[in-house]
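Chemist: Just passing along the structure, written as structure tokens.
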Amino acid sequence: VLLHFPAMPPDDAHGADPHLHRIVATVRAPDGPGLVVAIANAAAATGGNIIDLQQVSDPYTEEFGCRLVIEGACHTACVAGILQELVDARGIAFALHPDEPPAEVVVCCSSTLHCVSDLVARAATGDLPCRITAVVSDKEAARDLVEAAGITFHHVPVGDVREEQESELGRVLDGLDPALVVLARYMRVLPAWLVERFDGRMINIHHSTLPAFPGANPRRRAHEAGVKIIGATAHYVTAGLDEGPIIEQGVHHVGNADLEALIRMGEDVERLVLANAVRLHLEHRVMVFGGRTSVFA
């Protein structure tokens with residue numbers, strides 16, 4: 001079924017901001033024929049130009065997903081109004097992401113600092129489209145690094161009662177209200193209630209190629225197993241330990257490297273994998289279907 005939308009006037013005729021020129025739209029729907037044509041017609045009816053469109057049909061959930069970039073003078077409300085026509089007609093769900101200030105990100109770490117230092121540098125240089133507003137840690141190790149970069153540091157130490165530390169961590173994160181929480185080698189297992197609060201907005205880096213070697217000491221266990229590649233996995237955090245949908249992975253051949261060399265090579269992989277995963281999320285290139293993701297390049 002082809003839907004025909006009336007042409008919409010430019011937003012400046014209604015007093016809207018004429019300087020908003022690019023909108024990223026993500027669309028999901030039950031899979032079926034004609035979806036791309038219907039979505040493209042809707043985008044065209046805004047007077048905008050589709051400069052990028054990527055799609056996927058997930059074979060396990062039988063869902064359709066796409067990411068398109070619309071360029072033009074039309075305001076977000078205009079695009080939303082036209083796409084709304086497809087909600088009832090095709091059962092779509094959509095989200096719009098206009099050009100906006102960099103997303104606010106909070107990073108959590110412990111005493112291993114290679115990932116947090118890399119994220120801080122990438123955000124400061126514009127390599128990542130975000131602003132790191134705070135770093136939260138159960139250790140003091142990152143304080144000097146973080147404060148030297150002009151970022152607020154929150155120390156939430158672990159005392160005798162684990163639940164008290166978890167409650168305080170939740171209070172701090174709620175107060176910061178970030179668009180994304182990144183666990184950059186934060187070596188604590190989070191409670192389910194906190195994970196659920198940031199569902200789809202919390203990314204973890206694990207130092208193995210999941211599902212291999214989940215949990216603690218994956219590098220030592222990998223070395224003991226005689227692996228010939230070492231890797232890292234960035235994934236969304238769920239209540240199951242190291243079981244969340246995988247966003248990005250990377251590997252490095254290690255040959256007969258000793259454990260110390262293997263760890264060093266693995267940390268280099270972690271930096272890149274985590275940065276790529278954060279970038280993909282912030283650019284709205286990741287869709288979760290069940291327990292797996294589709295990633296638009």
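Chemist: Sort out which residues of the stretch 55-65 are open to solvent by 10 Å² or more (accessible area, probe 1.4 Å) and in contact with a strand residue (DSSP E or B) (Cβ under 8 Å, 6 or more places away or on another chain), and write them in order of number. Give the steps one after another, and end with the answer.
Modeler: Restricting attention to the stretch 55-65, the residues satisfying the condition of being open to solvent by 10 Å² or more (accessible area, probe 1.4 Å) are 55-57, 59-63.
Listed by number, the residues that qualify are Gln55, Val56, Ser57, Tyr60, Thr61, Glu62, Glu63.
Chemist: To continue, here is another question. Quick check on my filter: what residues within the stretch 113-122 are open to solvent by 20 Å² or more (accessible area, probe 1.4 Å) and outside any loop (DSSP other than H, G, I, E, B)?
Modeler: Across the stretch 113-122, the qualifying residues are Ser117, Asp118, Ala121, Arg122.
Chemist: Among what's in the stretch 99-123 and is touching a Pro at 6+ places or on another chain (Cβ under 7 Å) and of a type outside the set (A, V, I, L, M), pick the residue that is nearest to Arg143 (Cα to Cα).
Modeler: Out of the qualifying residues, it is Glu104.
Chemist: Identify, please: which residue in the stretch 42-54 is assigned to a helix (DSSP H, G or I) and open to solvent by less than 50 Å² (accessible area, probe 1.4 Å) and is, among those, farthest from Met287 (Cα to Cα)?
Modeler: Taking the stretch 42-54 first, the residues assigned to a helix (DSSP H, G or I) are 42-45.
With open to solvent by less than 50 Å² (accessible area, probe 1.4 Å) added as a condition, the list becomes 42-43, 45.
Values: Ala42: 21, Ala43: 20, Ala45: 25 Å.
Here the answer is Ala45.
Chemist: Looking only at helices (runs of 4 or more DSSP H) that lie completely in the stretch 134-250, which have at least 1 residues being open to solvent by less than 40 Å² (accessible area, probe 1.4 Å) and more than 20 Å from Val105 (Cβ to Cβ)? Working first, answer last.
Modeler: Details: elements: 143-148, 162-176, 192-197, 218-224.
In the stretch 134-250, 162-176, 218-224 are the helices (runs of 4 or more DSSP H) which contain 1 or more residues that are open to solvent by less than 40 Å² (accessible area, probe 1.4 Å) and more than 20 Å from Val105 (Cβ to Cβ).
Chemist: Out of the residues in the stretch 66-112 meeting the condition of being of a type in the set (D, E, K, R) and within 29 Å of Asn204 (Cα to Cα), tell me which one is least open to solvent (accessible area, probe 1.4 Å).
Modeler: Step one: list which residues in the stretch 66-112 are of a type in the set (D, E, K, R), which gives 67, 71, 85, 88, 90, 99-100, 104.
Now drop any that are not within 29 Å of Asn204 (Cα to Cα), which leaves 67, 99-100, 104.
On the way: Arg67: 13, Asp99: 97, Glu100: 119, Glu104: 71 Å².
Across the stretch 66-112, the extreme among qualifying residues is Arg67.
Chemist: Do any residues in the stretch 27-51 that are under 14 Å from Val69 (Cβ atoms) have Cβ atoms under 6 Å from those of residues that are among the aromatic types (Phe, Trp, Tyr) and modelled with pLDDT of 95 or more, where the two are at least six apart or on different chains, and which pairs are they?
Modeler: Val27/Phe94
Chemist: Checking the structure you have, find out if any residue of the stretch 269-276 is buried (at least 19 other Cβ atoms within 10 Å of the Cβ) and either at pLDDT below 95 or not in a helix (DSSP H, G or I) (or both).
Modeler: Filtering the stretch 269-276 for residues buried (at least 19 other Cβ atoms within 10 Å of the Cβ) gives 269-271, 273-275.
Narrowing further to those that are either at pLDDT below 95 or not in a helix (DSSP H, G or I) (or both): none.
Looking through the stretch 269-276, none of the residues is buried (at least 19 other Cβ atoms within 10 Å of the Cβ) and either at pLDDT below 95 or not in a helix (DSSP H, G or I) (or both).
Chemist: Can you list residue pairs whose Cβ atoms sit under 6 Å apart, with the first residue in the stretch 55-82 being under 16 Å from Ala93 (Cα atoms) and part of a strand (DSSP E or B) and the second being open to solvent by 30 Å² or more (accessible area, probe 1.4 Å) and modelled with pLDDT under 95? Count only pairs 6 or more apart in sequence or on different chains.
Modeler: Close Cβ pairs (under 6 Å, with a partner that is open to solvent by 30 Å² or more (accessible area, probe 1.4 Å) and modelled with pLDDT under 95) amount to Leu68/Ile50.
The values are calculated or read from the model by the stated rules, or taken from the named source; none is laboratory data. Quick caveat, the model's predicted, so the values are computed rather than measured. No Cβ is skipped: glycine too gets one built from the backbone with ideal geometry, and neighbour counts run over all protein chains shown. Heads up: the accessible areas ignore ligands, DNA and RNA and are worked out on the full protein's heavy atoms, side chains in. Shrake-Rupley method; radii C 1.70, N 1.55, O 1.52, S 1.80 Å.
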